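The values are calculated or read from the model by the stated rules, or taken from the named source; none is laboratory data. Please read all numbers here as calculations on a predicted model, not as lab measurements. Positions of Cβ are backbone-derived with ideal geometry, glycine not excepted, and every protein chain shown enters the neighbour counts. The accessibility values were calculated without ligands, DNA or RNA, using every heavy atom of the protein model including side chains. Shrake-Rupley method; radii C 1.70, N 1.55, O 1.52, S 1.80 Å.
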Amino acid sequence: MKKSALLFLSLMTSFTIMADNQVVSPDGKIVVRISTDEGRPHYYVAYQGQEVVKSSALGLLTNIGDYTQGLVEKGFESKTVKDSYSMANIKQSRVDYEATEAVVRYEQDGKPAMNITFRVSNRDVAFRYTIYPKKETRVCVVEREASSFALPDGTTTFLCPQSKPMGGFARTSPSYETSYTLDEPAGKNGWGEGYTFPCLFRTSADNWVLISETGTDGGYVGCRLLNEQGNTYAIGFPQEGEMNGIGSTTPAMALPGSTPWRTITVGPLANIVETTVPFDLVEQKYKASQTYTYGKGSWSWIIGMDPSCNYDEQKRYIDFSAAMGWQSVLIDAFWDQQIGYERMAELSRYAQTKGVGIFLWYNSNGSWNDAPQTPIGKLNNARIRRQEMQWMKDNGIRGIKVDFFGGDKQPMMQLYEDILSDANDFGLLCIFHGCTLPRGWERMYPNYVASEAVLASENLHFGQGSCDAEARNGCIHPFIRNTVGSMDFGGSTLNKFYGADNKRGTVRRTSDVYALATAVLFQSAVQHFAMAPNNLTDAPAWAVEFMKQVPTTWDEVKFIDGYPGKYIIMARRTGDKWFVVGINAEEQPLKKTITLPMFEKGTSLTIYSDDAQLNGSVKTVAQNKKQQLTITIPCNGGVVITNE
Ligand code: CA
């Protein structure tokens, strides 16, 4: 299936052979050099003349041959590739992609052994391997990937440690839900198991490097990044214990076959925040069965937890969604026991009369962990899954949220794909929780919406420590987790407390304007916000009004200023309306004069901002001649600037 990806772009073909195997981005800023020293392939990356990845290893060790050494370079072809595509469910609705593609062909023992394909666009370097059949041998197991990333001396790291398998709640780890370490020197290996993608590095005062992967499906495993030594990192496969110990840690491929893409986004932070590389390199795997619509909704569980998944409370949340003009309601765990299938059908009919669609929660198990929440045993088996989805279709259910997956081994990656493609047959959108990072899935699977794969809003309910660190974490995600894929965070509550009476529970430290700002900052085409029905009367009217109107799909993203874990100011556009948003996690108030060229002189701007006590207010000003604005964001506060 992957070999067709080599052909999928319309090409402006030129054919060149260069002596030193150099691949240059269309704007000339990124230079990649590929060399073979004593049979071992290496690559090197520079951005504007500065080294960002030092000479690093390439190659695969397979059970049909060692393609990390003894290789003879037999050809180097380079051409320009272009592709334009439109997607409503990522950070940018239309992407005009242009890159230099280079294919290096290697032989071993006089026979074609492996190709390495490089793609170098103006922000990103990507490469992947293609392995060929060997005589009658038409399948292989990849035992190890030699791909490494040697970063310059002085590099600091912004990383999310991989947890050990079969740990945490109900032995559900790893599920990409650990705390980031920020600005640390390189050389550690997380908690001994490396790091979850994507991984951010600062290689110099000006340059950043974001390493990730894309195009992963049931044809491979989900990978992680291991520290080899010092500043050198390498691709790691899943851990033995994942998926309750069943299944291999290594991927098997039919030949010829290609690995997923290794991606390296380089340059200033704007390149990191605005990259579309996860989507540029993949193709749609099946057609959408219908035109999927996105939007926002409410979700009782984040405030009311499991007991709230009952008929009366869900009816109240359906009414709340309708009052907000929102499109959906997400009904979480135990609905099958606490509401039941018959009354759920009734509830769905009621929701439809209100113009509200229902998303239903499911446990992905199976046999990969101890998570007891129901419905369970419904989505892990194709026969039962399709019956269940038929019931959903018959009863007008809009989508599913599937939780508690079992790691990154190949059969688990296949399960994600199987759930997605079956769900498409029944017109269902898919959200994943307790899960892996999406790797280009918004484009590969048209009914895919978003994944958790982050310490999401549930932790704000579970512990005060998460509430205290909410702004710090919020200032990380736009640079790392959320830049490579839609993030189902479930935030933007306007409650003071994470409790049903809004009088008890963990205490929210962030301001109402912060809640508004993160509704824009955190990108997912479907958002189930943590607002509660009581917010219609106990939250400021301007905040409720904003949350009624805020878009969930975007045409464009622009990074303005920020630093991971400290503060971020960025802008998203839908149509001709821009939302410039900022949040601050630093103790000192952030005072910045920002240039906003998207608003012409005289444009009437609505500004939501906080005073020093985090009390929010709204004012209207006219854009000045310099198109500049001075903003102050207190710690745990936010700002939102939008045109009428
Ligand atoms: Ca979770």
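Observations
- Of the GluC sites (Glu not before Pro) found in region 183-243, those in coil by DSSP whose Cβ has at most 13 other Cβ atoms within 10 Å are Glu240.
- Scaled against 2.2 N^0.38 Å for its residue count N, the alpha carbon radius of gyration of the chain is 0.95.
- Asp576 versus Asp312: modelled label distance in nm, points set 7 Å from Cα along the beta carbon direction: 5.0
- Sorting the Cα pairs of region 590-640 by distance into bins of 10 Å, from 0 upward, gives 25, 52, 22, 1 percent per bin.
- Counting DSSP beta bridges with both ends in the chain, the antiparallel % (nearest 5): 85
- Residues whose amide H falls under 5 Å from that of Leu60, counting only those 5 or more places apart or on a different chain, are Tyr67, Thr68, Ala146, with hydrogens built in the peptide plane.
- Given 10 as the ceiling on other Cβ atoms within 10 Å, longest exposed-site-free region of the chain for trypsin sites (Lys or Arg not before Pro) in DSSP loops: 288-502
- What the phi angles of region 449-454 give under the Karplus curve with 6.51, -1.76 and 1.60, with θ = phi - 60°, is a coupling list of 10, 6, 10, 6, 6, 6 Hz, glycine and proline written as x.
- Computed magnitude of the charge dipole of the chain (debye, nearest 20; Cβ of K, R +1, Cβ of D, E -1): 820
- Rotationally averaged projected area of region 2-280 (alpha carbon convex hull; nm²): 15.2
- Its DSSP H runs of at least 4 residues, each contributing -39,500 (n - 2.57), put the calculated 222 nm mean residue ellipticity of the chain at -5000 deg cm²/dmol, to the nearest 500.
- The phi torsions of region 57-74, fed into the Karplus equation with coefficients 6.51, -1.76 and 1.60 and a -60° offset, translate into couplings of 6, 10, x, 10, 9, 10, 7, 10, x, 9, 9, 9, 8, x, 9, 10, 6, 10 Hz, rounded to whole numbers, with Gly and Pro shown as x.
- Rounded tilt (10° steps) of 341-353 against the dominant C-alpha axis of the chain: 80
- Nitroxide proxy distance, nm - points 7 Å out along Cα→Cβ at Thr606 and Glu98: 3.8
- The residues of the chain expose, per residue, 35 Å² of accessible area to a 1.4 Å probe.
- Taking the C-alpha atoms only, the angle from helix 410-425 to the longest principal axis of the chain is near 50 degrees.
- Karplus (6.51, -1.76, 1.60) ³J(HN,Hα), θ = phi - 60°, over region 134-143, in Hz, Gly and Pro reported as x: 10, 6, 7, 7, 10, 9, 8, 10, 8, 7
- Degrees separating the helix 512-521 axis from the principal Cα axis of the chain, which is the longest one: 30
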